[in-house]
Amino acid sequence: MNTYSNSELISFRVERTTAGFAQSPDIVRDHRNLTYQQLEAPTTHDNVIVLSELPSEENIQADPVWRLRGMLERLNEMERLGRNWDSYASDPPSVAAVTRARALIWDIVGQGFGSAGARSIPFSIVPVSGAGLQVEWRAGGDSIEVEIGSDGSLGFLHSRGHGPNREFEEADDVSEHELVRRTLAAIS
């Protein structure tokens, strides 16, 4: 069993049945039978990532690596949708939309996992009419829904708070850099 602090881990690798975080490809040399579980470390230390045997079935939903793996598998499924996937003759998500979504997810997980943990993993990914995608992140009373157009263009709807005091902000044609910044601020 190998243990690394979050600050040591900067890259993430997912394969068909396994996943792992690593500082470089050399750290996780043979991770075919490994995954990680996040453990609460003493308050004087960072969270710790432990590479160990696969988690039990009941822990998979709570394990961020497996949640992320599920989201990435869902994104892969979106690539295989056929025309008329919604019974309204919509085209499936475009290659540009799927590619942009994958890059955005990795940017947010890569930059946000150390501070936001599992909140950096999308809450949902769904196809939208017009060959686009919507990716949503949630944290407390905040949610940010990212709309990715068929051409890879980005827009968002950010909602803050609950009830009558709930606030909304919306924008189209946002740069990826700005969207990553806003999403990280919302989930941190």
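The values are calculated or read from the model by the stated rules, or taken from the named source; none is laboratory data. Remember, predicted model here, so these are calculated numbers, not experimental data. Ideal geometry is used to build each Cβ from the backbone, glycine not excepted, and the neighbour counts take in all protein chains shown.
At a glance:
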{"quantity": "Of the criteria (1) at pLDDT 95 or above; (2) farther than 25 Å from Y88 by Cβ, which one R160 fails", "calculated": "(1)"}
{"quantity": "Condition broken by V126, with the remaining ones in (1) assigned to a strand (DSSP E or B); (2) in contact with a helix residue (DSSP H, G or I) (Cβ under 6 Å, 6 or more places away or on another chain) satisfied", "calculated": "(2)"}
{"quantity": "Hey, D151 of a type in the set (D, E, K, R), modelled with pLDDT of 95 or more and in a loop (DSSP other than H, G, I, E, B) or not", "calculated": "yes"}
{"quantity": "Matching entry among A171, A139, A118 (being of a type in the set (A, V, I, L, M) and exposed (fewer than 15 other Cβ atoms within 10 Å of the Cβ))", "calculated": "A171"}
{"quantity": "Members of segment 163-188 that are over 19 Å from G114 (Cβ atoms) and polar (S, T, N, Q)", "calculated": "N165, S175"}
{"quantity": "In segment 89-128, the residues that are at pLDDT 90 or above and hydroxyl-bearing (S, T, Y)", "calculated": "S90, S94, T99, S120, S124"}
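Let's see how each residue does on (1) more than 25 Å from I187 (Cα to Cα); (2) in contact (Cβ under 8 Å) with a residue 60 or more places away in the chain; (3) not in a helix (DSSP H, G or I):
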position	(1), (2), (3)
W66	no, no, no
E73	no, no, no
N76	no, no, no
L81	yes, no, yes
S90	yes, no, yes
P93	yes, no, yes
R100	no, yes, no
D107	no, yes, no
S115	no, yes, no
